[in-house]
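Scroll down for the structure; my scribbles are underneath it.
A short reminder: the numbers here are calculations on the coordinates, not readings from a lab. None of the values given here were measured: they were computed from a predicted structure.
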């Protein structure tokens, strides 16, 4: 299985990675699961991808509202946060998450570990970690052929 890892030493390197990723997903869309501790940089990465795609609205964490939608670019972006949902809450939006995986759109799901593995369809898992130097490590793991091609594009 393919896996791409990139260590970003500063915000400019993170921005470069996010912009490259945005170019790869902008045409057809993608479903992305984000993993990482609080403060790792999940929302910051989403903000940079949205900026690269041309979103003009202010991109914020959906921690308290569960879902933020952005429609100002050429492709809609949906940004979920599952952190505050209990097990039963996640079960109520599982079908909705599947719907957001279909069609031409970009869907980000923060705290995807709370999805109880209910996301078997094509997607990219991005794990964000940080170290003592405040460097960020982004690991991209694709699930499905289309997503594998996207991750391969990052490797070039």
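Annotations for the structure displayed:
- Residue of 137, 42, 58 that the Gaussian network model of the chain assigns the largest fluctuation, springs spanning Cα pairs under 10 Å: 58
- When Rg and Dmax are taken over the Cα atoms of segment 1-57, they come to 11.7, 36 Å.
- Note on the chain: percent of Cα-Cα distances in each 5 Å bin, starting at 0 and stopping at the bin with the largest distance, equals 2, 9, 20, 24, 22, 15, 6, 1, 0.
- Percent of beta bridges antiparallel (DSSP, segment 4-155, rounded to nearest 5): 55 percent
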